[in-house]
1. If I ask for residues that are within 25 Å of I167 (Cβ to Cβ), of a type in the set (A, V, I, L, M, F, W, C) and without any contact (Cβ under 8 Å) to a residue 60 or more places away in the chain, which ones from the stretch 59-92 would you list?
2. Using beta carbons and a limit of 6 Å, which pairs, at least six apart or on different chains, have the first residue in the stretch 153-175 and over 17 Å from L136 (Cβ atoms) and the second one at pLDDT 95 or above and surrounded by 15 or more Cβ atoms within 10 Å (Cβ to Cβ)?
3. For a quick check of your reading of the model, give me the residue pairs whose first member lies in the stretch 106-127 and is in the same structural domain as L90 (by TED's automatic domain parsing) and of a type in the set (K, R), whose second is crowded, with 18+ Cβ neighbours inside 10 Å and in a loop (DSSP other than H, G, I, E, B), with beta-carbon atoms closer than 7 Å and at least 6 apart or on different chains.
4. Name the residue that is modelled with the lowest pLDDT, counting only residues in the stretch 28-84 that are in contact with a helix residue (DSSP H, G or I) (Cβ under 8 Å, 6 or more places away or on another chain) and either in a loop (DSSP other than H, G, I, E, B) or within 13 Å of L123 (Cβ to Cβ) (or both).
5. As an exercise: evaluate I61 against (1) within 13 Å of the chain's Cα centre (by Cα); (2) surrounded by fewer than 15 Cβ atoms within 10 Å (Cβ to Cβ); (3) not basic (K, R) and give the number of the one condition it does not meet.
6. Residue by residue through the stretch 27-58, note down the ones that are surrounded by fewer than 18 Cβ atoms within 10 Å (Cβ to Cβ) and under 22 Å from S98 (Cα atoms).
7. Only one of A94, A21 is hydrophobic (A, V, I, L, M, F, W, C), on the phi < 0 side of the Ramachandran plot and in contact with a strand residue (DSSP E or B) (Cβ under 9 Å, 6 or more places away or on another chain); which?
8. Restricting to strands (runs of 3 or more DSSP E) lying wholly in the stretch 90-177: which have 2 or more residues that are among the basic types (K, R) and either surrounded by 13 or more Cβ atoms within 10 Å (Cβ to Cβ) or touching an Asp or Glu at 6+ places or on another chain (Cβ under 6 Å) (or both)?
Amino acid sequence: MPITRLNHAVLYVRDVARSVAFYTEVMGFRPVAMTPEGSSGAAFLQAPASTNDHDIGLFQIGPDAGPSLAGRSTVGLYHLAWEVDTLAELERLAAVLSAHGALVGASDHGTTKSLYGKDPDGLEFEVAWIVPADLLDDQAMGARRRIGPLDLEQEKQRYGAETQGGIGISRPAPVAG
């Protein structure tokens, strides 16, 4: 049975209200009514364009919880990556993340243009725009073998600010009809 996509992720957080505020105000997620009755330490959120019943589950473990040591001294998840439709949306999110002190990096992977952020608990995530299949060329494919700094202005000039990303890669190409 092949896996087709990630349906949701569950994150343990110190303060669920603080995390809900971050993911709704900064990332544009919206709360969904799935929290079990009598539970104030959990929340479920849906990404803006998602059709999943939820994309993130947040479970509060309290203010004394230590930071994640994954990748430093323990095994664990490094980050989640979410995809945006356009470079204009990636640029908008760069500004929002920066304004909230949550932007920690930006990289050009050739075939993907990525921002890196951290939530209030220091959990890292990636937001990426993926070069559509019909625009992949030797330059983009060759750059895939290295990670360089992201120049959003240059990428918007090259691909267009409103070009739909991921077509033919992470999203099906439209059927000619």
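1. A81, W82
2. Once the first residue is over 17 Å from L136 (Cβ atoms) and sits in the stretch 153-175, its partners that are at pLDDT 95 or above and surrounded by 15 or more Cβ atoms within 10 Å (Cβ to Cβ) give K156/L87; A161/L87; A161/A88; E162/T86; E162/A88.
3. Filtered contacts from the stretch 106-127: K113/L150; K118/A102.
4. S40
5. For I61, the failing item is (1).
6. Listed by number, the residues that qualify are G28, R30, P48.
7. Only one candidate passes the filter, namely A94.
8. 112-118
The values are calculated or read from the model by the stated rules, or taken from the named source; none is laboratory data. These figures come from a predicted structure and were not determined experimentally. Here Cβ is always computed from backbone atoms with ideal geometry, including for glycine, and neighbour counts include all displayed protein chains.
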